[in-house]
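In what follows, a single structure is set out as structure tokens and then discussed.
Derivation of every value follows stated rules applied to the coordinates shown; laboratory data play no part. What you are looking at is a predicted structure, and each value in this text was computed from that prediction instead of being measured. Neighbour counts run over all protein chains shown; Cβ positions are idealised from the backbone, glycine included.
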Amino acid sequence: MQVDLLKNKVGFDDAFNYKDEIDLSSTLQRYFPEGIDIYFDNVGAEMLEAAIQNMNNFGRVAICGLISEYTDSQNSAKLDMIRVLYKRIRIEGFLTVDFSEIYQDFISTTTQYLQTSKIKVIEDISYGVESIPEAFLDLFQGNNIGKKVVRIAEDDV
């Protein structure tokens, strides 16, 4: 379902569900036969390892989150540092607070993109305050599709 949404609603050329793949490194090699230049990571662990295995020389990795490691400290990435060195791969972590000085520009531009459908939104909506615990757990278990929203009450507007 997620793959279908990415390809047919969001406009990705291709996609795969990493949970359905046995060997992530081979999967990335199949989807990116010429290698990866830039990888944005919010997952960590095996996905990050596979991306590093498929990086081109002077590749760049931006790490903004490690969702698979937040709930399982035993599931941390084991990076091939020899490959990182020889391929001169740059790995950099960043937090959104590092960019607070451009926050207003981001909000303005993003709002315009949302209004003109330049950015497509996929929301996974749960209803009622009683659904909050399950909705929160869904985020860490990968059970949501898109932005997780809990609607407490119907809008009167």
| request: Grab every C-alpha pair in the chain, bin the distances at 5 angstrom width from 0 up to the longest one, and report whole percents. | output: 2, 7, 12, 16, 18, 19, 14, 7, 3, 2, 1, 0
| query | What is the order of Met55, Met1, Met81, fewest Cβ neighbours within 10 Å to most? | reply | Met1, Met81, Met55
| task | Sort region 68-133 into rounded, prolate or oblate with this rule: let a ≥ b ≥ c be the square roots of the eigenvalues of the Cα gyration tensor; rounded if a/c is under 1.5, and if a/c is not under 1.5, prolate when a/b is larger than b/c, oblate otherwise. | result | oblate
| task | Determine ³J(HN,Hα), in whole Hz, for all residues of region 103-119 in sequence, where each value follows from phi through the Karplus function 6.51 cos²θ - 1.76 cosθ + 1.60 and θ = phi - 60°; x replaces Gly and Pro. | result | 4, 5, 5, 4, 4, 4, 5, 5, 4, 4, 5, 5, 5, 9, 6, 5, 10
| request: Show the residues, 5+ positions off or on another chain, whose built amide H is closer than 5 Å to the amide H of Ile119. | output: Leu114
| note | Ranked from fewest to most other Cβ atoms within 10 Å of their own Cβ, Val10, Val129 fall in the order Val129, Val10
| request: Let me have the 222 nm mean residue ellipticity of the chain computed from DSSP H runs of 4+ only, each contributing -39500 (n - 2.57), with the sum over all residues rounded to the nearest 500. | output: -9000 deg cm²/dmol
| query | Whats the longest run of the chain with zero GluC sites (Glu not before Pro) that are DSSP loop and have at most 13 other Cβ atoms within 10 Å? | reply | 35-153
| remark: In a Gaussian network model of the chain with springs linking alpha carbons closer than 10 Å, the residue among Lys120, Lys19, Lys87 that fluctuates most is Lys19
| task | Pop the C-beta distance of Ser131 and Arg90 into the FRET formula with R0 = 35 Å and round what comes out to the nearest 0.05. | result | 0.25
| So which lysines pass the test for Lys9, namely a Cα distance under 16 Å, with those fewer than 8 places away in the same chain ruled out? | Lys118, Lys120, Lys147
| task | Kindly state, as a whole number, the per residue volume in cubic angstrom of the convex hull around the alpha carbon atoms of region 1-53. | result | 92 Å³
| note | Calc'd 3J(HN,Hα), region 56-72, phi into Karplus 6.51 cos²θ - 1.76 cosθ + 1.60 (θ = phi - 60°), Hz, glycine/Pro = x, comes to 7, 4, 6, x, 10, 10, 9, 10, 10, x, 9, 3, 6, 9, 5, 9, 8
| remark: Of all chymotrypsin sites (Phe, Trp or Tyr not before Pro) in region 58-97, the ones in DSSP coil with at most 14 other Cβ atoms within 10 Å are Phe94
| task | First measure r as the distance between the Cβ atoms of Gln104 and Val149, then evaluate 1/(1 + (r/R0)^6) with R0 = 30 Å and state the FRET efficiency to the nearest 0.05. | result | 0.80
| task | Compute the length gained on full extension between Val97 and Val10: take 0.36 nm times their separation in residues and subtract their Cα-Cα distance, giving the result in nm to one decimal. | result | 28.6 nm
| field | Computed FRET value (nearest 0.05) for Glu123 with Tyr70, which takes r as the C-beta separation and R₀ as 25 Å | value | 0.65
